[in-house]
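Readers should treat all values here as calculations from the given coordinates under stated rules, not as data from a laboratory. Here the structure is a predicted model, which is why all the values come from computation and not from measurement. So basically every Cβ, Gly included, is an ideal-geometry build from the backbone, and we count neighbours across all protein chains shown.
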Amino acid sequence: MKEVDLFVIGGGSGGVRAARVAASHGAKVMLAEEHRIGGTCVIRGCVPKKLFVYASRFADEFKDSAGYGWTVAGASFDWGTLVANKDREIARLEATYTGNLDRVGVEHVKSRASFDDSRTVRLEASGELVRASNVLIATGSWPHPGDPIPGVEHAISSNDVFEFRGLPRSIVVQGGGYIAVEFACVFAGLGSSVTLVYRGENILRGFDADVRSHLKAELERKGIRVLCGAKVTSIAPSDGGYRVGVEGVTPIVADKVLFALGRRPNTSSLHLDRAGVEVVARGAVKVDRFSQTTTPGIFAVGDVTNRVNLTPVAIREGHAFADTVFGGRPTAVDHAVVPTTVFSEPEVGAVGMTEEEAVASLGRVDIYKTTFRPMRATLSGSGSKSLMKLVVDGRTERVVGCHIVGPDAGELIQIIAIPVQMRATKSDFNAVMAVHPTAAEELVTMRHPILQHGIEPAAA
């Protein structure tokens, strides 16, 4: 029986980082991935999605250019070209990931893996057993299929979107989170008729209320039909497409139906019970602050733990695990300040507390907020507006949250996360010289709060 210091189950971003760093510390490492090295983010998630986002934005670029004197005649879009170019880039990235493993001596096999016991892993493709001093579970998550409604088998998940043979003329997207909103914008930008259906009161649950309202208005302005407080009740084939029943409205005819209803930890085939590994809600692996499971020597990182389900978080957790176990540097990941972005149109960027969270935990909170028409829109004629908002602890002046809706929000929030992480105050922001003319200058020129929570009104 083969023996290793570390066996990694899952070849996504977190697993690959952990394997590489552990090997660099001198560990003998083996990794099993049943699909393709790179995992959800590289193969069927963040990376191909961002490429599709870029593609979807050119229509507005062409339209806006007219106000600046350009004439763009005869522009057309070819879905096949986009998909072929995307496939080529994903193959390049997969080869890079694989090459990085090879360079540090990580043995990797194409196979599903599961536990035989707490120290033995079985490779399902060959039946081979591997003895491991440590095992890392990094199997990520899988799309939730939705309720068992009539015709649910006709719905597709985000895993299938990148393999469409052609651009759908119309699509119904059910869901209100990152994936649903992003794909609604992608297909609308490429010319599809889009209906977004979400059972909650507003899209992007968990984001700041102002962000949610602002983005919903922007989506509707761009022609996306947004139905909140509703859900798909049936899907039936009809004239080459589907007749989609939706609560409270006339059935919708669409070429495709996409269910983006969140993702669940991918643990069902691991036989965790054989290893004594405890799971919690939704099948997530229970871990401590060092990613240690309830069984000594077995660890888990990334979406499979259902902590903060973002690729950079999985990478950080994987690196911290390897440094802790093999590098002699115990490292716990701080999940308190995690910047994130939604690649909608316009983009959303957020870091730190929402207004609602700050009021609930701090009591006294100052809100700085502005909405404005981006300078680019002044000649293009676009009606789009941007939102920038700072959430400030009213007692210490610390900036505890920043929320942006507008062009390049993802790029901006990455930078703003640095002073938020460093516990910068509103006075620190005020002391920074503005760069003019930019949208980002609004973050350092908002001088007076528009709202103060926890302040007693002045006596008459």
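The lysines within cross-link reach of Lys49, meaning a Cα-to-Cα straight distance under 17 Å and a gap of 8 or more places when in the same chain, are Lys86.
Would you list Asp393, Asp239, Asp117, Asp323 from fewest to most Cβ contacts within 10 Å?
Values: Asp393 21, Asp239 7, Asp117 14, Asp323 17.
Ranked by crowding around the Cβ, least crowded first: Asp239, Asp117, Asp323, Asp393.
The residue among Gly69, Gly10, Val83 whose Cα reaches farthest toward the positive pole of the charge dipole of segment 1-90, with charges on the beta-carbon of Lys, Arg, Asp and Glu, is Gly10. Projecting the Cα positions of Phe164, Gly223, Tyr198 onto the charge dipole of segment 152-261 (unit charges on Cβ atoms of Lys, Arg, Asp and Glu, taken about the Cα centre) puts Gly223 furthest along the positive direction. Legend: helices of the chain (whole DSSP H runs) are marked when their alpha-carbon atoms reach 20 angstrom or more along the helix axis and their mean Kyte-Doolittle hydropathy is at least -0.5; marked are 46-65, 311-325. In units of the compact-protein estimate 2.2 N^0.38 Å, segment 233-289 shows a Cα radius of gyration of 1.87.
For segment 95-158, GluC sites (Glu not before Pro) are listed when DSSP marks them as loop and at most 15 other Cβ atoms sit within 10 Å of their Cβ; the list is Glu124, Glu128.
Based on Cα contacts under 8 Å between residues 6+ apart, the chain shows a relative contact order of 15 percent. Helical runs (DSSP H, four residues minimum) scored at -39500 (n - 2.57) apiece and divided by the length of the chain put the mean residue ellipticity at 222 nm at -9500 deg cm²/dmol.
Panel order for Leu123, Leu379, Leu136, by other beta carbons found within 10 Å of each beta carbon, from fewest to most: Leu379, Leu123, Leu136. Please work out whether segment 193-236 counts as rounded, prolate or oblate from its C-alpha gyration tensor, where a ≥ b ≥ c are the square roots of the eigenvalues and a/c under 1.5 means rounded, while otherwise a/b larger than b/c means prolate and anything else oblate? Note, shape of segment 193-236 comes out oblate.
Order of Thr295, Thr378 from fewest to most other C-beta atoms within 10 Å? Don't skip to the answer; put the middle values down first.
Details: Thr295 17, Thr378 10.
The most exposed by this proxy come first: Thr378, Thr295.
Rounded to the nearest 20, the size of the Cβ-charge dipole of the chain about its Cα centre is 120 debye, with Lys and Arg at +1 and Asp and Glu at -1. Dipole size of segment 147-214 about its Cα centre, with +1 on Lys/Arg Cβ and -1 on Asp/Glu Cβ: approximately 180 debye, rounded to the nearest 20. Counting only Cβ charges, +1 for Lys and Arg and -1 for Asp and Glu, the dipole size of segment 296-388 around its Cα centre is about 300 debye.
Once the C-beta distance of Val152 and His35 is scaled by a Förster radius of 25 Å, the resulting FRET efficiency is 0.60 to the nearest 0.05. Shape analysis of the chain yields a ratio of the Cα radius of gyration to the Kirkwood radius, Rg/Rh, of 0.99.
Listed by chain and number, the lysines whose alpha-carbon sits under 19 Å from that of Lys63, ignoring those within fewer than 8 places in the same chain, are Lys222, Lys385. Extension gain for Val253-Asp117 works out to 43.9 nm (0.36 nm per residue, less the C-alpha to C-alpha distance). Spatial offset of segment 1-69 relative to segment 339-413 amounts to 28 Å, using the alpha carbon center of each.
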